[in-house]
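What follows is one structure encoded as structure tokens, with my remarks underneath.
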Amino acid sequence: MGKFKITFLLICFSYTLFSQQAPAGGGARPAFKMPAVGRIYGKVLDKKSKDVMPYVSVVVTKGDSVIGGNLTKDNGEFNLENLPFGKFMLKVTFLGYATQSRPIIITPQTVEQDMGNISLEGDEKVLKTVEIEGQQSVSEMSIDRKVFNVDKNITSKGGTAMDVMKNIPSVTLDDNGNAQLRQNPATIYIDGRPTTLTLDQIPSDQIDRVEVITNPSAKYEASATGGIINIVMKSNTKPGYNGIVTGGIGTNNRYNGMVALNIKQRPFGLSIMYNCMTFSNPVTGYTNRTMLANGTPTGYLNTTDATRFGNTFQTGLISLDYYVNNRNTITLAENVVSGDFLSDDRQNFNALDGSEAMVSNGVRTANTHTQFQNYTSKLLYKKTFPKQGKELTADINYNTTIASSPSTYVTNAYLADGTILPGYPTTQVNSGHNLSEMYTFQADYTNPITDSTKIEMGVRSSYRPANQGLDVQTLNYSTGYYTADTFLTAHYRIKDLVNAAYVNYTTRWKHLDFMLGLRFEDSYYQGVLTDKNTSFEYQYPSTLNNVMNALFPSIFISKKFNDRQELQFNVSRKINRPNYRQLMPFIMFSDKNNYLIGNPSLTPEFITMAELNFNQRLDKGNLFFTLFYRNTQNPLTPYSYQSPGDPTVLITTTVNGNQSNTVGMDNTFKYELFKGFEATLNMNLFYTAIDASYNNTNFSNQGFNYTGKLNFMYHLPWSLTAQLSGNYESPKVIPQGTTSAVYFADCGLSKDYHKFLVFTLSLSDIFDTKSRGSHLITDEYTQDMLMRRETRYLKFTATLRFGKADASLFKRKPTQQQGDSDGGFF
């Protein structure tokens, strides 16, 4: 019974939520409402062992309406109050046991009733089903998505969403910590809505689960070309009050703390959370470039970098739910995230001639202080109907980010004989600023017409204005004054508007389930360089001739052979619009040897995605097998070339290629090898072919690569749980070259004390192997680059849970009988 306790507790609390509502019904209210003063109490036992049974669902019903309910306490006792007069049915249910039902009558003469000891008997048929569900505590796989329970992930405790993603099958992280699905940039959602937060700005301890949707239907935005990773945050679903306090300490000045409190007393529910995290993060790397002429080296440029980041994040959340009645809920929420980053970088560089003789060398130091504040306001309305599955939701979200990033670069360069290179030293001061906003309105309606037919429809509007810029000044050593560098200085204003509507129709025909969807998206983008009198824009569709560019159909076909096997085929069309960094036609300075520049002539890329999925449930696990295909027209492709005026400067931009094709398979296998030991294996195999050219230069490429993830979870005696995970990414084909292999392993151990106190010890990157790099090959140069973040660290985290499942928290209670506990941990 114990191993299903947590899963069932969550289900029961969700069920109990409805138990606090008034009886359903659409009729007129009676002229006189009888007082709800009834009380029943008793104890639940296991019929065979005679042991008390905590966390059992006890509800009072009348017909199909739930009048009241709660869970039994640690001593097996239950106590239901505020029950109205009348005839009802008492139902006692627990997963794996046969339901017990008893009629009750509450009258003025029987206001309080002792129901005695109620014994539950194990149901062998139900227990067999329970065993299958028990294997899905860490992850659950269905035909349209994979769901991963973050609470079971030991190695991410006290970290961020980046730590969570390391153990999610099919998900990898790029050089900047952005999530990728099958090596394509994924769209991050929080609670089903897009977000401007990055993964390292989301505390892992507030994440309930992660949903991976590799090929979203027409219900989701068409720009989710790499799939969707939906991060579901912990929410206030339990009656009464509950909370969590977390604190952690680790190597390299890692500290984290979080306090969260949830209170639910109808008609209100309140959630408050504060999280703080700070850590130091050393980063090392190198770049070795060889300049070529007809295949012969003409010079070498080598750099080494050593950077130390000091990062501090703070997150605050307050959310208020107002239950207007049984079927109407209004939620108002405010989320605040702030960050303070300090970085000190030292870059050593040297230039050699073709014979590898020293030409020059030098050092550049950079000090940057970045600060940002992110505010998200949400107003949500949800309406349910008597028909199960029918609902209407509408929400308005406002998000704004304010950021500043001043930095100072000092460069000294010397000739081979040690004399100062002409024009040096140099001092450059950059001042970056950003004000970004996002207004989003979305409404969704779902109506199940029959058991097998359903229609979904909705509208969405997203408007993202932004004012961003970079001011660059250089020091004139002869005068001692700073002067503006108009070449690198740029101010720009952005308007990004997308309006959408969709419809999904689900039906069944001859044992086949169909979901047919169509989404329409009208998009407008404008960028204005306010200090350079330059602007660019695009609109889709711009005329009736290209209206097809605004239509995005999806088709899902599935066949269930039995309760254990299901086969599904899906195909959809997507669009990926270029962002401002890819479009802005000015140099975004990286360092003295690498520039980034936008390309305003870019057009969106259009993607067709198809999958064939097979899901096989096993007695002790699950096998999910996928074959997928991806075709991209006009792919947005990075392209690097040497500056015509200075071959030591590498310029990187984005161009539209001709097309790219990827075919592969994605397999996830989860199995309980023996009692308490669960293994999850994920393997992805890709073949990618890229067809691209620019300025008469062909940089097409093709090849195989693969990724693998292995996760072991072992539940030891004495409430100990151990976790070991490993990741491997083979070299990946990219335009003009390949990436380097990435491999690392993490481990963790946790100790649980009575479900309310948990200690966790984790070690990240056990063998200190994690690094990322690339190898580029062109006719003009070759380049090897490697970057290594500090990844091996030890971390200790303690988590305290507290709460009381009492829906009458703020009401005065009658005197309790002896042995009736009024609180406790759960």
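Miscellaneous remarks
- Subset of the stretch 590-627 (residues that are in contact with an Asp or Glu (Cβ under 9 Å, 6 or more places away or on another chain) and aromatic (Phe, Trp, Tyr)): Phe614, Phe624, Phe625
- Selection status of Phe88, free of Cβ contacts under 8 Å to residues at least 60 places away in the same chain and crowded, with 23+ Cβ neighbours inside 10 Å: yes
- Taking the stretch 730-749 as the range and being assigned to a strand (DSSP E or B), more than 29 Å from Gly243 (Cα to Cα) and open to solvent by 30 Å² or more (accessible area, probe 1.4 Å) as the test, the residues that pass are Ile734, Thr738, Thr739, Tyr743.
- Of Lys675, Lys670, all but one fail to be within 23 Å of the chain's Cα centre (by Cα), among the charged types (D, E, K, R) and either over 14 Å from Pro735 (Cβ atoms) or open to solvent by less than 30 Å² (accessible area, probe 1.4 Å) (or both); the exception is Lys670.
- No other residue among Asp752, Asp806, Asp768 is over 18 Å from Val164 (Cα atoms), modelled with pLDDT under 90 and in a loop (DSSP other than H, G, I, E, B) apart from Asp806.
- Within the stretch 447-472, tally of residues that are within 22 Å of Phe372 (Cβ to Cβ) and either open to solvent by 70 Å² or more (accessible area, probe 1.4 Å) or without any contact (Cβ under 8 Å) to a residue 12 or more places away in the chain (or both): 3
- Put simply, of Arg327, Arg308, Arg266 the only residue that is over 30 Å from Ser764 (Cβ atoms), in contact (Cβ under 8 Å) with a residue 12 or more places away in the chain and open to solvent by 60 Å² or more (accessible area, probe 1.4 Å) is Arg327.
- Across the stretch 791-802, the qualifying residues are those that are in contact with a Phe, Trp or Tyr (Cβ under 9 Å, 6 or more places away or on another chain) and in contact (Cβ under 8 Å) with a residue 60 or more places away in the chain, and the one among them that is most open to solvent (accessible area, probe 1.4 Å) is Phe796.
Each row is one residue, and each column tells you yes or no for (1) of a type in the set (Ser, Thr, Tyr); (2) part of a loop (DSSP other than H, G, I, E, B); (3) surrounded by fewer than 22 Cβ atoms within 10 Å (Cβ to Cβ).
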{"site": "Lys50", "(1), (2), (3)": "no, yes, yes"}
{"site": "Asn70", "(1), (2), (3)": "no, no, no"}
{"site": "Asn79", "(1), (2), (3)": "no, no, yes"}
{"site": "Ile105", "(1), (2), (3)": "no, no, yes"}
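- In the stretch 534-620, counting only strands (runs of 3 or more DSSP E) that sit wholly within it, the ones holding 2 or more residues that are surrounded by fewer than 19 Cβ atoms within 10 Å (Cβ to Cβ) and of a type in the set (S, T, N, Q) span 534-540, 605-618.
- Residues located in the stretch 634-656, provided they are assigned to a strand (DSSP E or B) and exposed (fewer than 15 other Cβ atoms within 10 Å of the Cβ): Thr652
- Near pairs, Cβ below 8 angstrom, 6+ apart or cross-chain, from the stretch 96-118 (in contact (Cβ under 8 Å) with a residue 12 or more places away in the chain and over 20 Å from Ser57 (Cα atoms)) to any residue that is of a type in the set (A, V, I, L, M) and open to solvent by 70 Å² or more (accessible area, probe 1.4 Å): Val111/Val37
- Residue list for the stretch 753-768, restricted to those being over 16 Å from Thr155 (Cβ atoms) and touching a Leu at 6+ places or on another chain (Cβ under 8 Å): Phe756, Leu757
- Subset of the stretch 55-77 [modelled with pLDDT of 85 or more and among the basic types (Lys, Arg)]: Lys62
- In the condition set (1) in contact (Cβ under 8 Å) with a residue 40 or more places away in the chain; (2) closer than 30 Å to Tyr641 by Cβ; (3) surrounded by fewer than 18 Cβ atoms within 10 Å (Cβ to Cβ), Leu716 is compliant with all but (2).
- Residue check: Asn397 meets all listed conditions (1) closer than 30 Å to Tyr189 by Cα; (2) at pLDDT 95 or above but one, namely (2).
- The conditions of being over 24 Å from Ile575 (Cα atoms), touching a residue at least 24 places away in the same chain (Cβ under 8 Å), under 27 Å from the mean Cα position of the chain (by Cα) and part of a strand (DSSP E or B) are met by Phe625.
The values are calculated or read from the model by the stated rules, or taken from the named source; none is laboratory data. Quick caveat, the model's predicted, so the values are computed rather than measured. Cβ atoms come from the backbone with ideal geometry, glycine included; neighbour counts cover every protein chain shown. Heads up: the accessible areas ignore ligands, DNA and RNA and are worked out on the full protein's heavy atoms, side chains in. Shrake-Rupley method; radii C 1.70, N 1.55, O 1.52, S 1.80 Å.
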